[in-house]
Amino acid sequence: MIDVHIAKTFPSSGPESKGFHLAVEFEAQPGVTILYGPSGSGKTLTLDAIAGFTRPDSGRILLDDRILFDAGAKFSIPPRDRNCGYVFQSHALFPHMTVAENLAFAAHRLPRLERHRRITELLERFYLSELAGRHPRELSGGQKQRASIARALIAQPRILLFDEPARGLDTELKSDLHDLILELKRTLNIPILLVTHDFDESLALGDRVLIYQDGTIIRRGTPLELLTNPGSTTVAKLVGGFNIYEAEVLALDPARHTSRIRIANQDLQGPHLRGCFKGDRVTLCNRPEDMRLVDRPGDNRIRVTALTATERPQSIRVDFGTHFIADIPRDHWATARETSPIWLHLPPDSLRQL
């Protein structure tokens, strides 16, 4: 387990240079923990602090109860002794070394026979045996990525750090990388921290997600928890894909855990609303895949007209305006677009308070 509680400040150096303050605390168990958020929010800085490349101003970092950094005690283990495997965005392979030489350099502390065995094992495991004599400039992006991961693993690290590992990879290579990371999760009983800007990647790989913004963690949970209940407008926008509505509270029924709300001049049944009174304004959200098209009016059904329809892998994404965007099964949309009028159903339990 990794236990991180750190702060780091970069002061402004002038009117055109904005300062930055990182203050985060979290624990990560074996499995994949995603660090998700916009560029410049402190994700890579967190990895660098764990690896020892950046020294925090305050706090502590413990890995399996071993202190890596303690500001109060003025103690910091050098990066080479932290036993952290780091896979950089740029791969960071030494350009003057072959693949095998890069792995040998990372394993230089191992006994000679053990070093040779580990190099051979990882070259085979990552399908690099036939590329062992090549230099990084002679490798494809996917081959460089595999070599970088092999190098990070060769010394049997106690934690694995990935900084946007899928960046720049095409769809097929990204899928191969995801399969590889899932295999590592199954076979290595260590924490894996992975930085990404892609929430689909978080869903595919993550056991837990930490949402970063402006140097702090503003929300944490499983990918499914964040997808179904983001908790705030900020998180909903960062995760992406949510319909966000401004609603007026018309009535509250605490006994039934329901409400009546008005969205876009339509009176609808809503969910239980925390801390609200009649007449309040409240922000709600739901997912495009939660909405349905129906052929007749009824409760929580809004008459709509399609503005645009966009092909997606599993559905058609239809924009009806007024923040009503729905993912409709392809065969259902083929039938519905020939009918008029179209009614859009918003299930009350799909609406989440922000």
What are the residues in segment 210-225 that are hydrophobic (A, V, I, L, M, F, W, C) and modelled with pLDDT of 95 or more, if any?
-> 210, 211, 217, 218
What are the residue pairs meeting all of these: first residue in segment 22-38, first residue touching a residue at least 60 places away in the same chain (Cβ under 8 Å), second residue assigned to a strand (DSSP E or B) and among the aromatic types (Phe, Trp, Tyr), Cβ atoms under 8 Å, and 6 or more apart or on different chains?
-> 24/212; 33/26; 35/212; 36/212; 37/212; 38/212
Only one of 88, 75 is open to solvent by 50 Å² or more (accessible area, probe 1.4 Å) and touching a residue at least 24 places away in the same chain (Cβ under 8 Å), namely 88
For the subset of segment 160-180 comprising residues that are modelled with pLDDT of 95 or more and touching a helix residue (DSSP H, G or I) at 6+ places or on another chain (Cβ under 7 Å), which member is surrounded by the most Cβ atoms within 10 Å (Cβ to Cβ)?
-> 161
Output the number of residues of segment 44-63 satisfying the condition of being assigned to a helix (DSSP H, G or I), open to solvent by less than 10 Å² (accessible area, probe 1.4 Å) and either among the β-branched types (Val, Ile, Thr) or without any contact (Cβ under 8 Å) to a residue 24 or more places away in the chain (or both).
-> 2
Would it be correct to say that residue 203 is at pLDDT below 90, closer than 23 Å to residue 37 by Cβ and surrounded by fewer than 21 Cβ atoms within 10 Å (Cβ to Cβ)?
-> no
Could you pull out the residue among 40, 19, 59 that is touching a helix residue (DSSP H, G or I) at 6+ places or on another chain (Cβ under 9 Å), small (Gly, Ala, Ser) and farther than 17 Å from residue 192 by Cα?
-> 59
Go through (1) open to solvent by 50 Å² or more (accessible area, probe 1.4 Å); (2) over 30 Å from residue 31 (Cα atoms) one by one and return the number of the condition residue 244 breaks.
-> (1)
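The values are calculated or read from the model by the stated rules, or taken from the named source; none is laboratory data. No experiment lies behind these values; they were computed from the predicted model shown. For neighbour counting, all protein chains shown are included, and Cβ atoms are generated from backbone atoms with ideal geometry for every residue, glycine included. Calculation scope for accessible area: heavy atoms of the full protein, side chains included, ligands and nucleic acids excluded. Shrake-Rupley method; radii C 1.70, N 1.55, O 1.52, S 1.80 Å.
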